[in-house]
Each structure stands twice: as C-alpha cells, then as structure tokens.
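Notes follow the structure.
The values are calculated or read from the model by the stated rules, or taken from the named source; none is laboratory data. Source: prediction; values computed, not measured. Every residue, glycine among them, receives a Cβ derived from its backbone with ideal geometry; neighbour counts consider all protein chains shown. These accessible areas exclude ligands, DNA and RNA; they are computed on the full protein's heavy atoms, side chains included. Shrake-Rupley method; radii C 1.70, N 1.55, O 1.52, S 1.80 Å.
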Amino acid sequence: MKQYNLDDRHIITLEEEKNIILQTHDLHVYYGKNEAIKGVDLAFEKNKITALIGPSGCGKSTYLRSLNRMNDEIANTKITGQIMYNGVDVNSKEVDVYEMRKRIGMVFQRPNPFSKSIYENITFALKRHGEKDKKKLDEIVETSLKQAALWDQVKDSLDKSAHALSGGQQQRLCIARAIAMKPDILLLDEPASALDPISTGTVEETLVNLKDQYSIVIVTHNMQQAARISDYTAFFYLGHAIEYDNTRKIFTRPKTQATEDYVSGHFG
Ligand SMILES: Nc1ncnc2c1ncn2[C@@H]1O[C@H](COP(=O)(O)OP(=O)(O)OP(=O)(O)O)[C@@H](O)[C@H]1O
Ligand SMILES: [Mg+2]
C-alpha cells in the first residue's frame, strides 16, 4: 500500500463569522494502547451537513461516538483534548451526560427501534424526561414523524410494533425518535448502509430537509452520498483528519494526495 506523508494536511477552520456549533481540539481517543484518533481538530458549522469519510478502521465511528460521549460505554477508552459545545467541554465533570445527549442525539448504522409501538418509540424518552401531557406527546409524535418523512405511511398504525416496519422505515423511525428530543446536533453513523437504494434516497432527502433545524454530522462510506447531501467533508485516514473543506472542493480539487487517491477510488 502506498505511503502518504501524514503531515500533508489541509484543514479549514471555518472563518470567524461562521456559526460554529461544535469543535474538537487536539482530540485523541485510545482503546487501551491503541490510539484510534491521533489529534483531530475540526469545527462544525450550525445548520449544515458535515460528512466524515475514509477507509475502514480509520477512526470515523470512534470520532463520531466521542462527540456525545458514547465511547464512555466502552471499557478501557481514554480521551484527551477538548470537545467544545456551547462553550463547555463535553467531557468536563459538570456536564450531565443524559442532558447533553438530549442536545447531541445519535442514530446508529443498524436501525434499532425499541420492541414497542411506533408511538411509544417516540414518546418513551420524553415520558422518562417527565412529559405527561397526552396532547403534547401526540403533537411531538406527529411533527417528528413528518420531519422524518414517515408520517403519511404510519399515521393510521401508530399502535403497530416498530418491528413490523421495513428497514428504511425503521431507520426513519430512529431519526424521528432522535429529533423528538429536539437536539441541536444529530450524529449519524452510516445510517443508510443497511438500506436499499430507494430507502437510502428517502433517508438522504430527510436529512437534507432537516438541516434547517439541526446541525448534522454523518459518517458514510458512500462517497456519492457525501457528495450529494453534505456541505462540508472531512477525510479521515489512520486516525488523522487529513483534509477538511467544502464538499465540492474535496471531490473536485482535493489538496492532498491521500484525499485525491481516496475520492478517486484508488483505495478504501
Ligand atoms: N469498541 C472498540 N474496542 C476496541 N477497539 C476499537 C473499538 N472500536 C473501534 N476500535 C478500533 O479503533 C480503530 C478505529 O475504528 P473505527 O470503528 O472508529 O473505524 P471506522 O473508520 O468507523 O471503520 P469502518 O468504516 O469499518 O466502520 C480500529 O483500529 C478499531 O479496531
Ligand atoms: Mg465505523
């Protein structure tokens, strides 16, 4: 395999007037002795879609999971550096993880609806957070399902089990469940990889429509998908962010050799 000079990098910092919602500084993530993320500095703009791309094992999921501390759930992980959200380091002691995850929601690769009805999938966490008003819950169910482009298909069967839905519908239900909490940021790890092209198209459309209200960071293996839906793209390689720029530039005029080779399909 070709060796790249990993110091050959190009990372935009977003100009000062840009509205940065989340930012990492010199972020390192370790699993035991294995350093999976080796000092990543990236800033994410509000109400934009940012795609994280790169070959398998380069640290995309690790980086994404660290942003709302999902890595806390994995034994032997260590994180150094900063993840700044609203002026606070996500890893600092005063952060209530449960509350923070309401603000920074996550959707995983495999649709993972609860073994409950469609309605209860969306209201479960809200009820746990103390929401009891039936009318309000009904409203949130309707708006979240509409935003996730699922309402028309399920409005007459909200009591049906979520597992009776198709894979693509289940994934949109998981997106609806995440946005019902009204997060600021939605993190998605390859949300369409288990779906057929038609469901993938619907999920992509859903995300593009959501960006007026949410800031989205999405990991994807699918470069066409990154090119279609994202405003910014970061190319990860061997635990480093090698190149970060406007998506159009990454796919038409990349500045580093590694990025150019990857986006033109030479490896990965
Ligand atoms: N739960 C874990 N425990 C230990 N090591 C892990 C764990 N998850 C990932 N790693 C290691 O961290 C490195 C980065 O993996 P990660 O899953 O973040 O890559 P990725 O870019 O998401 O890959 P893929 O495209 O295959 O999903 C790899 O060396 C992997 O073996
Ligand atoms: Mg991954």
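Results, tabulated for the structure shown:
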| item | result |
| --- | --- |
| Residue within the range 167-177 that is more than 16 Å from ligand 1 (Cβ to nearest atom), within 17 Å of the chain's Cα centre (by Cα), buried (at least 21 other Cβ atoms within 10 Å of the Cβ) and of a type in the set (Val, Ile, Thr) present | yes |
| Per-region count, the range 12-30, residues open to solvent by less than 60 Å² (accessible area, probe 1.4 Å) and among the hydroxyl-bearing types (Ser, Thr, Tyr) | 2 |
| Given (1) within 11 Å of ligand 1 (Cβ to nearest atom); (2) more than 26 Å from Ala176 (Cα to Cα); (3) touching a helix residue (DSSP H, G or I) at 6+ places or on another chain (Cβ under 9 Å); (4) open to solvent by 80 Å² or more (accessible area, probe 1.4 Å), number of the condition Lys2 does not satisfy | (1) |
| Residues (more than 13 Å from the chain's Cα centre (by Cα), open to solvent by 10 Å² or more (accessible area, probe 1.4 Å) and either of a type in the set (Lys, Arg) or under 18 Å from Thr143 (Cβ atoms) (or both)) located in the range 178-201 | Met181, Lys182 |
| Among residues of the range 25-46, those that are without any contact (Cβ under 8 Å) to a residue 60 or more places away in the chain, acidic (Asp, Glu) and either within 12 Å of ligand 1 (Cβ to nearest atom) or within 16 Å of Leu188 (Cβ to Cβ) (or both), counted | 0 |
| Enumeration of residues in the range 39-81 that are open to solvent by 10 Å² or more (accessible area, probe 1.4 Å) and under 20 Å from Leu14 (Cα atoms) | Gly39, Asp41, Glu45, Lys46, Asn47, Lys48, Gly81 |
| Residue within the range 102-119 that is open to solvent by less than 40 Å² (accessible area, probe 1.4 Å), more than 16 Å from ligand 1 (Cβ to nearest atom) and within 23 Å of Lys46 (Cβ to Cβ) present | yes |
| Cβ-Cβ under 7 Å pairs, at least 6 apart or on other chains, the range 203-229 side within 26 Å of Ser264 (Cβ to Cβ) and in contact (Cβ under 8 Å) with a residue 24 or more places away in the chain, far side within 13 Å of ligand 1 (Cβ to nearest atom) and of a type in the set (Asp, Glu) | Val219/Asp189; Val219/Glu190; Thr220/Glu190; His221/Glu190 |
| Of residues in the range 47-93 being farther than 15 Å from Gln109 by Cβ and among the basic types (Lys, Arg), the one farthest from ligand 1 (Cβ to nearest atom) | Lys93 |
